[in-house]
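To start, the structure under review is shown below, and the notes come after it.
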Amino acid sequence: MLPTDLLMHRQNGEEITPKRLKIDKHNLEIATDIITTFQENLGNIQAALDRQLQELEGDSPDYRLKRGLAYLLRSSFCEFEIVSPLEPPMLRERVFALAAQSAPSPQQSHQVLEQLALQLSRELDKEVFPEQIRTGLYADLAENRIMTRFEPPTPEALLHRYNLSQVQGVFYRASHLTLNAHRNVPGEYKLLFRYLKLFQLMAYIEGDADHGFTITVDGPASLFNPSTRYGLAIAKLIPALLHVTKWSLSAILQTRDFYTNNWKTGRFTLNSECGLVSHYPPGKPYDSMLEAAFVERWNATKTEWVLEREVDLIPIPGSVMIPDFRLVHPDGRVFLLEIVGYWRPEYLQKKFSQVRRAQSDNLILAISERLNLEKAGVKMNDVPARIVWFKDKLLPRDVLKVMD
């Protein structure tokens, strides 16, 4: 995604329109030039790349467009690494200590590098050259890092990523988002709900699989203070939404007036006919760190119970639940596992209300002990589910115990 200073949006009244590029000859040529510049600098330091990109920008009025394309390439398609015989701070310490033993001079500097190169060659059991020490001294500075990997996208793919990033930037300051997922293939709902869980978005879901769902997402500006981090989480949902066949959304935004610096309200709408292209692979199972760690521990456990990610939607009046996992035993027993991690009080109240309305007799709730349920107004004495408490990590043995 793009940083705020590279976003280009137009506002007409309350309606906000992000800049989107046409996939035409002119823009494809710009994208090709920037991709070629990156390819030519594979193996070079970042400063060399920056100089060529600056020359490419020149004094043209579309410098922000070129800078945005370069930012996407730098952040998503290549890697810069520190290349040095030792960690640069350690290398500097060795060089300076050795150089302090004699008077400074060009000849002495060369001798110091030669002497240290011999020492490091013996210590590291590989040949180290004086020039490697010279370039490695300040290799930890950003401009001296070396591009070690570049996987170039096609010019068309880069332009699509740019258009998507401009739209994603709209949601950085969203205060409220309403998403209507119309009647679709059930698997598309599951994928969408999984992404809601992955990005830890506080969403309230109403509807059913036969008629579609209305999903209300709290935005960063609706919390105690506007949070760009939470806005980024909402923005990350958009590429996942593009895998759903039919949908529409509307968002209320909190933006700063350019002249007065006062907050003002903006509105943005989008639907499945928007023409944006997702770079997320369809159906890829993304897990939170907590869930991923649980899966890893479960796979190391000797048990007949099989842990599955593909779970069924649990219909409840006016809404739906989609648990994190399904546990299946060869004898036919099935349990559904929902992990309740770190959420704010309003969400916890809705979550436990859903659990009560679901009236599912095979539901297991794994609840973090870090949650202050009493403060959130949640009473545990009437929750129709089996409960597993955990601290920092959820252990398979605790889940197995409540099933047995």
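Just one of the numbered conditions (1) on the phi < 0 side of the Ramachandran plot; (2) modelled with pLDDT of 90 or more is not true of M289; which one?
(2)
Take the residues in segment 150-160 that are out of contact with any Lys or Arg (no Cβ under 8 Å at 6 or more places or on another chain) and part of a loop (DSSP other than H, G, I, E, B); name whichever of them is surrounded by the most Cβ atoms within 10 Å (Cβ to Cβ).
So the first thing to find is which residues in segment 150-160 are out of contact with any Lys or Arg (no Cβ under 8 Å at 6 or more places or on another chain), and the list is 150-152, 154-160.
So of that shortlist, the ones also part of a loop (DSSP other than H, G, I, E, B) come out as 151-152, 154.
Working: E151: 9, P152: 16, T154: 12.
Result: P152.
Table: residues versus (1) surrounded by fewer than 15 Cβ atoms within 10 Å (Cβ to Cβ); (2) part of a helix (DSSP H, G or I); (3) in contact with a strand residue (DSSP E or B) (Cβ under 6 Å, 6 or more places away or on another chain).
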residue	(1), (2), (3)
L98	no, yes, no
L118	yes, yes, no
R122	yes, yes, no
E131	yes, yes, no
E143	yes, yes, no
T148	yes, no, yes
Y162	no, yes, no
F171	no, yes, no
E188	no, yes, no
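Kindly list the number of the only condition in (1) part of a loop (DSSP other than H, G, I, E, B); (2) over 17 Å from L164 (Cβ atoms); (3) modelled with pLDDT of 90 or more that fails for S278.
Here S278 meets the rest and fails (2).
One line per residue, one yes/no per condition, for (1) modelled with pLDDT under 85; (2) closer than 18 Å to R194 by Cβ:
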site	(1), (2)
E304	no, no
R326	no, yes
D331	no, no
P384	yes, no
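Since F38 meets every condition but one in (1) at pLDDT 95 or above; (2) out of contact with any strand residue (DSSP E or B) (no Cβ under 8 Å at 6 or more places or on another chain); (3) part of a helix (DSSP H, G or I), which condition does it not meet?
Result: F38 fails condition (2) only.
Picking from R74, R20, R67, which residue would you name as being touching a strand residue (DSSP E or B) at 6+ places or on another chain (Cβ under 9 Å), within 25 Å of G169 (Cα to Cα) and either surrounded by 11 or more Cβ atoms within 10 Å (Cβ to Cβ) or in the same structural domain as R161 (by TED's automatic domain parsing) (or both)?
Exactly one residue qualifies, and that residue is R74.
The values are calculated or read from the model by the stated rules, or taken from the named source; none is laboratory data. None of these values were measured; they are calculated from a predicted model. With ideal geometry, Cβ positions are generated from the backbone for all residues, glycine too; neighbour counts draw on all protein chains shown.
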